[in-house]
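Below: the structure, in structure tokens.
The values are calculated or read from the model by the stated rules, or taken from the named source; none is laboratory data. Everything numeric here is computed off the predicted structure, so don't read it as measured data. Methodologically, a virtual Cβ is constructed for each residue, glycine included, from the backbone with ideal geometry; neighbour enumeration extends over all protein chains shown.
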Amino acid sequence: MNKLHLSTGTQIQSTDVRTPAFPQTPKPTRSPKVSVGSPAYVGQACAGCKQQVRGSVVSALGGLWHTRCFTCHTCHKELENEQYYEKDGLIYCAKDYRHLFSVHCNACGEPIEHQALRVLGKHYHEDHFCCCVCKNPIGGQQFKVHEDQPYCLEDYMKKFGKKCSRCGDFLQGEYVNALGQAWHKNCFHCTDCERTFQGGSFLVKDNKPYCEEHYPTANSPKKHSKSSSPQPPAPSVKPFLKPSAKPALPPKPANKKKKCHVCQSIIDGPCATALGHDYHIHHFQCHRCHRSLSSRVPGMWQGDERDMGNTIIFSMHFKCFLLLWLMKNRLRLRY
């Protein structure tokens, strides 16, 4: 008996993982200006240059700034009326912050402004994650991976896919490896009855799988599969019997089969009969010398007196025995 062995094809993967492109949300676009004339701000120092503030200042990040001091840490652009970001107490314009701290696309190398597509441990713009063969964007569709390269399903199947040896469709997920071929689990069944194999055991004949019940043997009748159309039975022809004036005789009883007295087998052909027993022709022979005898030749054989007459001996054995007995008796009478 053979056993089924299941293999697993490359699993379909999905691109549903999306992450924010920026670690933080931006601060308000405009930073409110305040006047130093307010008693609340008299004597306070600029958060940038640490000098006493004068005139109009910017209030941001819990402190006061001269407008000339409220600038990007990288490009030193004034950010009085600009969108800005803060990281570790430093201020950045949107451009520099995006370049330094946002997620970069693994395909083009540019920072990703909105949502990033995270696939296989890398980040992409949504329209930059493409099939390595046709270069079409995969986006949120399903895909497959081979040697860390993404493939759309169509190109992957063309290049690496296996086909079921029965139905011809591509195999996905678990499949059966048997007889040097690959099969869908539901397509690997008995060639005759088309039922799947219970317990995973099957027999093979001419490189075709069979269940134990329908395995063809030399003596089994030829079977037809379910797909073959049944043939109509041949019409039966009854012979025409002429009426007879004589009444029909009762059937003769069947003759009882004869058994050979030597081998105890049924005798199909001609036989020899002697001493109330039947024999095969080749088994009718002398019990002592195994010489073949004929039951139809008179005086050629007789029953052996040593065996109560149940075995056959050649007549000459008996005559020799009688002659020796007479010679012994005559010698005794003389002396």
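Structure data summary
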read-out: Members of the range 68-92 found to be surrounded by fewer than 16 Cβ atoms within 10 Å (Cβ to Cβ) and not in a loop (DSSP other than H, G, I, E, B), listed by number; value: Glu78, Glu86, Lys87, Leu90
read-out: In the range 135-149, the residues that are in a loop (DSSP other than H, G, I, E, B), among the β-branched types (Val, Ile, Thr) and within 21 Å of Lys162 (Cα to Cα); value: none
read-out: Yes/no for Asp127 being out of contact with any Phe, Trp or Tyr (no Cβ under 9 Å at 6 or more places or on another chain) and either in the same structural domain as Asn207 (by the TED database) or in a loop (DSSP other than H, G, I, E, B) (or both); value: yes
read-out: Options Phe143, Phe129, Phe197, Phe170: the member that is of a type in the set (A, V, I, L, M, F, W, C) and within 30 Å of Tyr215 (Cβ to Cβ); value: Phe197
read-out: Yes/no for Val176 being assigned by the TED database to the domain that holds Cys130, in contact (Cβ under 8 Å) with a residue 24 or more places away in the chain and of a type in the set (Val, Ile, Thr); value: no
read-out: Qualifying residue in the range 111-120 (condition: closer than 30 Å to Lys159 by Cα and outside any strand (DSSP E or B)); value: yes
read-out: Qualifying strands (runs of 3 or more DSSP E) (wholly inside the range 172-216; at least 1 residues being under 30 Å from Gln142 (Cα atoms)); value: 174-178, 181-183
